[in-house]
Amino acid sequence: MLDKIEELERRFQELEALLSDPTVIANQPEFRKFSREHSDLSPLVDAYRRYRKVLEEIAENRDMLADPEMKEMAEEELKSLAEEQERLDSEIRLLLLPKDPNDSRNVILEIRAGTGGDESALFSGDLFRMYSRFAEKNRWKVEMLSASESERGGYKEVIASIEGTDVYAKLKYESGTHRVQRVPETEAQGRIHTSACTVAIMAEAEDVDIDIRPDDLKIDVYRSSGAGGQHVNTTDSAVRITHIPTGTVVACQEERSQIKNRAKAMKVLKTRILDNIQTEQNSKMAADRKQQVGSGDRSERIRTYNFPQGRMTDHRIGLTLYKLDMIMQGEVGEIVDGLRQYYQMEALKAQSEAG
């Protein structure tokens with residue numbers, strides 16, 4: 001294990017030199033790639049350097065045991081250092097787990113109303129606000145890319161980009177079917193209705209990730225329209241882009257500028273294509289592994305929000321919290337941390353079983 005860490009420390013030092021190289025600084029895609037790698041290695045290198053310092057202090061205190069005047073103090077110090085060594089050993093083992101290369105990326109969030117009609121669309125709006133508030137608490141930037149509003153409120157579909165530190169690492173387990181149980185305002189007899197929305201979290205594609213040939217694109221422009229189909233713009237500013245080889249279609253009409261709508265649509269298109277490629281690769285790799293939280297299938301029901309009981313249950317890890325009001329206000333940190341810890345423990349277990 002130590003040989004591997006020392007090799008990574010040498011790579012960390014190489015990256016420090018590269019990031020101060022004017023040639024690398026001038027090449028922004030390469031600079032971002034090296035910056036991300038440096039940032040990923042930094043916690044491990046820091047923990048290893050602290051671990052090495054603890055080992056040095058343990059050796060020094062053991063030498064002091066031979067001195068009768070220093071023995072008692074050295075024994076106390078050794079006890080404290082042994083605890084610190086054990087803590088750092090666990091921290092390093094976690095940091096050595098294979099990292100998801102997408103963890104430091106921004107994301108494209110897609111929420112779609114499913115079964116439940118108007119109630120499902122309203123809940124799509126609730127989920128979008130929940131994620132927007134969680135983003136605000138983390139000082140992330142949320143930008144609406146596309147929205148299809150429902151006549152009674154909420155969204156039939158909403159797509160947004162979220163930018164910031166470790167966005168994908170924290171949100172990647174949100175993909176799946178979110179079920180809501182509550183009494184609709186139109187329900188005279190107070191019966192609880194069940195509806196559902198699907199959430200997709202995709203790591204945002206960068207220019208270096210995927211190269212799309214202009215010949216592979218079909219671009220249509222049309223007038224944007226609001227809820228109910230009424231035209232809200234007299235110019236052809238809305239854009240629909242079709243990637244012919246994969247059949248992927250993205251439409252955007254949020255901006256008054258056709259150029260801006262086209263740029264936003266391309267961002268989503270590239271991300272969807274990259275996500276499809278990575279999902280296919282991950283499915284192949286996961287076939288022989290048991291490290292996944294749930295099946296990873298976006299059709300899988302992952303969570304239930306029960307409003308009459310004020311309860312949220314995440315079915316993958318059996319987590320139930322009775323503070324639904326706070327969760328819908330963006331207090332989802334406990335859920336996010338619970339999922340990440342569960343995944344880490346499963347990965348550690350799989351690693352130890354593999355020897």
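The values are calculated or read from the model by the stated rules, or taken from the named source; none is laboratory data. Being a predicted model, the structure only gives us computed values, none of them experimental. Cβ placement follows ideal geometry from the backbone for every residue including glycine, while neighbour counts extend to all protein chains displayed.
For region 133-169, which residues satisfy the criterion of being more than 14 Å from ASN106 (Cα to Cα) and polar (S, T, N, Q)? Once the filter is applied, which keeps residues that are more than 14 Å from ASN106 (Cα to Cα) and polar (S, T, N, Q), region 133-169 yields SER146, SER148, SER150.
Scanning region 81-101 for residues that are without any contact (Cβ under 8 Å) to a residue 24 or more places away in the chain and outside the structural domain of ASP40 (by TED's automatic domain parsing) yields a count of 1. Close contacts from region 246-271, counting a first residue that is farther than 18 Å from ARG223 by Cβ and a second that is assigned to a helix (DSSP H, G or I), with Cβ to Cβ under 8 Å and a gap of 6+ residues or different chains, come to THR246/ILE273; THR246/ASN276; THR248/LEU269; THR248/ARG272; THR248/ILE273; THR248/ASN276.
List every residue pair whose Cβ atoms sit under 7 Å apart, with the two residues 6 or more apart in sequence or on different chains, where the first one lies in region 102-128 and is charged (D, E, K, R) and the second, anywhere, is part of a loop (DSSP other than H, G, I, E, B). Qualifying pairs under 7 Å: ASP103/ASP166; ARG105/GLU204; ASP118/SER150; ASP118/ARG152; GLU119/PRO184. For the subset of region 138-158 comprising residues that are of a type outside the set (D, E, K, R) and within 14 Å of ASP126 (Cβ to Cβ), which member is surrounded by the fewest Cβ atoms within 10 Å (Cβ to Cβ)? Ranking the candidates gives GLY153 first.
Among the residues of region 98-138, those identified as in contact with a strand residue (DSSP E or B) (Cβ under 6 Å, 6 or more places away or on another chain), assigned to a loop (DSSP other than H, G, I, E, B) and at negative phi are ASN102, ARG105, ASN106, GLY114, THR115. Please find, within region 66-97, the residue that is farthest from the chain's Cα centre (by Cα) out of those that are in a loop (DSSP other than H, G, I, E, B) and surrounded by 14 or more Cβ atoms within 10 Å (Cβ to Cβ). Among those that are in a loop (DSSP other than H, G, I, E, B) and surrounded by 14 or more Cβ atoms within 10 Å (Cβ to Cβ), it is MET70.
The numbered conditions (1) touching a residue at least 12 places away in the same chain (Cβ under 8 Å); (2) farther than 20 Å from GLU254 by Cβ are all true for GLU151 except (2).
Listed by first and then second residue, the pairs with beta-carbon distance under 6 Å, at least 6 apart or on different chains, first residue in region 30-45 and farther than 15 Å from SER20 by Cα, second of a type in the set (D, E, K, R) and modelled with pLDDT of 90 or more, are VAL45/GLU9.
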